[in-house]
Amino acid sequence: MSACATTEAVDGVYDPYQPLNRDFHEFNKGLDTVVVRPVSSVYGDVTPGLVRLLIGNALSHLELPRDFANNVFMGKWEPAGSTLARFAVNTIVGAGGLLDPATDFEIEKQDADFGMTLAHYGAGEGAYWELPFLGPGTTRSHWGRFVDFAFAPTTYIGAPISGYTVLGLNTVEFRDTNENAVDSVLYESADSYTTARSLFLQNRRAQLGEADDGEEVEIIAE
């Protein structure tokens with residue numbers, strides 16, 4: 001946690017481990033080329049739209065305990081209550097989360113993760129890391145991801161709904177849904193590492209209210 005507080009680079013990107021990060025990026029890019037991209041393409045081609053909708057609803061539903069816990073940790077009682085209501089409605093009326101009647105009742109999803117909780121209590125962004133399999137992140141966001149995964153109920157449930165199965169489905173679903181954008185970053189940009197880093201940091205900072213959408217990220221050379 002001390003690393004989160006001491007390695008923040010104001011108005012820029014702190015990337016002291018860039019050579020290692022670039023090696024991991026090439027590994028992840030190769031993994032995408034050989035496994036993730038083909039699998040997600042087949043998934044998109046052969047899975048009926050209704051089945052994909054049900055899978056998407058179920059994946060979103062499984063995130064609700066995480067959202068609820070982190071909203072409570074941050075003392076955001078209204079979003080926490082909304083999340084609890086959404087979970088109850090979709091569990092009881094929505095066939096265990098396969099359907100999404102809560103949205104029809106205007107009970108919106110309140111995304112929250114432990115990385116947000118750390119930011120809420122003043123933990124700095126920390127260094128940028130691209131990790132094998134997990135992809136882009138910062139010291140703070142990766143710690144948050146590990147904590148969320150460790151405390152997710154699905155992590156300790158056997159197949160077919162284990163935490164690893166959910167992680168895999170999320171990856172495939174995200175990759176297929178965002179096929180053009182991911183292909184543009186990985187295979188069409190002049191420097192896919194820099195592009196992926198900038199996009200991740202822009203999106204994450206906008207999500208946390210730490211930067212405006214579309215902010216131009218300044219790179220701080222180490």
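Computed from the alpha carbon atoms alone, the convex hull of the range 1-160 holds 151 Å³ per residue. The residues of the chain present an accessible area of 55 Å² per residue when probed at 1.4 Å with all protein chains retained. Once Lys and Arg get +1 and Asp and Glu get -1 on their Cβ, which of L169, A88, H25 lies farthest toward the positive end of the dipole of the chain? With unit charges placed on the Cβ atoms, the residue in question is A88. Near T138, the amide H atoms lying under 5 Å from its own belong to W129; only residues 5 or more places off or on other chains count, and H is placed 1.01 Å from N. Extending 7 Å from the Cα toward the beta-carbon at both L98 and L53 defines two label points whose distance is 1.4 nm. Under Stokes-Einstein, with the Kirkwood radius over Cα pairs as Rh, the value for the range 92-201 at 4 °C and 1.567 mPa s is 79 µm²/s. If a spin label sat at a point 7 angstrom from the Cα of E188 along the line to its beta carbon, the backbone N atoms of the range 25-65 nearer than 18 Å would be those of 33, 37-38, 41. Computed from phi, the 3J(HN,Hα) profile of the range 191-200 under the Karplus parametrisation 6.51, -1.76, 1.60 (θ = phi - 60°) reads 9, 5, 5, 5, 5, 5, 4, 5, 5, 4 Hz, with x in place of Gly and Pro. Backbone phi angles across the range 204-210, fed through the Karplus curve with coefficients 6.51, -1.76 and 1.60 (θ = phi - 60°), yield HN-Hα couplings of 5, 5, 5, 4, 8, x, 8 Hz in residue order; Gly and Pro are listed as x.
Suppose the Debye formula is applied to equal point scatterers at every Cα of the range 81-132; what is log10 I(q)/I(0) at q = 0.14, 0.25, 0.27, 0.28 Å⁻¹? With no solvent term, the Cα-only Debye profile gives -0.55, -0.87, -0.96, -1.02.
The values are calculated or read from the model by the stated rules, or taken from the named source; none is laboratory data. Please read these numbers as outputs of a predicted model, since none were measured by experiment. Cβ coordinates were reconstructed from backbone atoms using ideal geometry, including for glycine residues, and neighbour counts include every protein chain displayed. The area values use the complete protein model at the heavy-atom level, side chains included, leaving out ligands, DNA and RNA. Shrake-Rupley method; radii C 1.70, N 1.55, O 1.52, S 1.80 Å.
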